[in-house]
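K.L.:
Here it is, the structure, as structure tokens.
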Amino acid sequence: MHLLNLGAAVRVSDYSSIGSTLAWKFDGIYAPSPDIRFRATLSRAVRAPNIGELYSPASGTYLSVDDPCDVSNLGSGSRYRQANCSALLAQAGLTPPQIAGFSPSSDPQAGVSILGSASGNPSLREETADSWTAGLVFTPRALPGFTLSLDWYDIRLTGAVNTPSAQQLTDLCVDQPTTANVYCDNVTRAAGTGFVSGFHVQPQNVSRFETAGFDATMRYSTAIGHNGRLDAALVVGYLDKLDFAAVPGGEITSERRSIYAPRWQATLDLDYRVGSFSIGYSLDWFERTRRYSEAQVRGQPDIAALEYLFYKARWNHDLRFAVDAGRGFTVYGGVNNLTDQKPDFSFDYPISAIGRSFFIGVKVNMD
């Protein structure tokens, strides 16, 4: 063998808020030759809740909620939603015919915004993550300047600290196996109407959060001509899983392909320098992501036309240049978002609303 490296670590911590915790790690690197090395890690990590998550004081807030018990939303959640909504509305005093026609979205008395509150949660416990990674680094002697690294990761987080929004809180309340859950404890409904009349959002230790995927990085640097050099780097990421379970025994919700969680993404950087001049190009891309969750589409197959079920992919092209003018002066410039792609949602998704922009400047070294 060319290299064998084994390691282990353990850490015991004691907190005034949650008591003692234990974290550990085993790792290893094995290289049968200078051209390739394999690496792996098995670990348990612990994160104690921070001061803000524990002790933030209560404050009032107004937020709007699209009631999951509205007849138009019953099919957009879990298989428990309809039964749970019927039970909650019956507790609020509604009759079966009123429950069957419950539609806050079409009733002006339901209001646009609801007064609620937000605070920390002194009952939080630590997060615990069990993870493993395995990968390789390939540096072939036959191709100097080239490096390829591949790594697969698998992370399972239990007791994850999550702060749901008012909308998520209301949805999670009725999407669990029963209404006897921490989310329903923090949502109130008005007697007689059944409308959501208040909420309290605070961090909670959810049941489980799992993610897995791989990252690949390729780098290459080579001389071109008499005094030129090309540097290239390609980073590719694949998200295989991003699952969330709100409470023990609850249904698993997949967040893969949701906003900011694309299945595939990549960045490419090319830089060429010759003498005192350099030019570069960058591409930042990720594939299209879901505008509506799988549950929403399943419950309302005609929720939108096919072309509007997804946000468009991100394609951000940047160009840059720099010239060393001598005497400590460097002139630089470039263009961002070369193709002038516009956002598909809000002002910044999947790309900034600024659009194509140009810049130019001078750097002066006073040494």
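K.L.:
Which ranges mark the strands (runs of 3 or more DSSP E) fully within segment 241-312 that have 3 or more residues being under 30 Å from N336 (Cβ atoms) and of a type outside the set (S, T, Y)?
P.N.:
Result: 264-274, 277-286.
K.L.:
Right, next: Given the conditions (1) surrounded by 14 or more Cβ atoms within 10 Å (Cβ to Cβ); (2) of a type outside the set (S, T, N, Q); (3) in contact with a Phe, Trp or Tyr (Cβ under 7 Å, 6 or more places away or on another chain); (4) in a strand (DSSP E or B), which single one is not true for P343?
P.N.:
(4)
K.L.:
Just give me the residues in segment 295-313 being of a type outside the set (G, A, S), under 19 Å from R256 (Cα atoms) and surrounded by 14 or more Cβ atoms within 10 Å (Cβ to Cβ), in sequence order.
P.N.:
Hits for segment 295-313 are Q296, V297, L309, F310, Y311, K312.
K.L.:
For T217, which of the numbered conditions (1) closer than 30 Å to L143 by Cβ; (2) of a type in the set (V, I, T); (3) in contact with an Asp or Glu (Cβ under 7 Å, 6 or more places away or on another chain) fails to hold?
P.N.:
(3)
K.L.:
Here's a follow-up. Among I224, I259, which is modelled with pLDDT under 95, hydrophobic (A, V, I, L, M, F, W, C) and more than 20 Å from the chain's Cα centre (by Cα)?
P.N.:
Going through I224, I259 in turn, the sole match is I224.
K.L.:
Which of the following residues is modelled with pLDDT under 90, surrounded by 18 or more Cβ atoms within 10 Å (Cβ to Cβ) and of a type outside the set (A, V, I, L, M, F, W, C): Q204, Q168?
P.N.:
Q204
K.L.:
Can R291 be described as modelled with pLDDT under 95, surrounded by fewer than 16 Cβ atoms within 10 Å (Cβ to Cβ) and under 26 Å from the mean Cα position of the chain (by Cα)?
P.N.:
Criteria not met by R291.
K.L.:
Kindly list the number of the only condition in (1) in contact with an Asp or Glu (Cβ under 7 Å, 6 or more places away or on another chain); (2) touching a residue at least 40 places away in the same chain (Cβ under 8 Å) that fails for R263.
P.N.:
(2)
K.L.:
On to the next question. Is at least one residue of segment 70-84 in contact with a Cys (Cβ under 8 Å, 6 or more places away or on another chain) and in a loop (DSSP other than H, G, I, E, B)?
P.N.:
No, because not a single residue in segment 70-84 is in contact with a Cys (Cβ under 8 Å, 6 or more places away or on another chain) and in a loop (DSSP other than H, G, I, E, B).
K.L.:
Give the residue that is surrounded by the fewest Cβ atoms within 10 Å (Cβ to Cβ), with candidates limited to residues of segment 37-88 that are over 26 Å from the mean Cα position of the chain (by Cα) and of a type in the set (F, W, Y).
P.N.:
My answer is F38.
K.L.:
Any residue at all in segment 142-164 that's modelled with pLDDT of 95 or more, under 20 Å from L242 (Cα atoms), surrounded by 14 or more Cβ atoms within 10 Å (Cβ to Cβ) and small (G, A, S)?
P.N.:
Among the residues of segment 142-164, not one is modelled with pLDDT of 95 or more, under 20 Å from L242 (Cα atoms), surrounded by 14 or more Cβ atoms within 10 Å (Cβ to Cβ) and small (G, A, S), which makes the answer no.
K.L.:
Collect the residues in segment 314-338 that are part of a loop (DSSP other than H, G, I, E, B) and surrounded by 12 or more Cβ atoms within 10 Å (Cβ to Cβ), keeping them in residue-number order.
P.N.:
N337, L338
K.L.:
Next question. Provide a single number: the residues in segment 194-236 that are closer than 24 Å to G135 by Cα and touching a residue at least 40 places away in the same chain (Cβ under 8 Å).
P.N.:
14
The values are calculated or read from the model by the stated rules, or taken from the named source; none is laboratory data. Being a predicted model, the structure only gives us computed values, none of them experimental. Here Cβ is always computed from backbone atoms with ideal geometry, including for glycine, and neighbour counts include all displayed protein chains.
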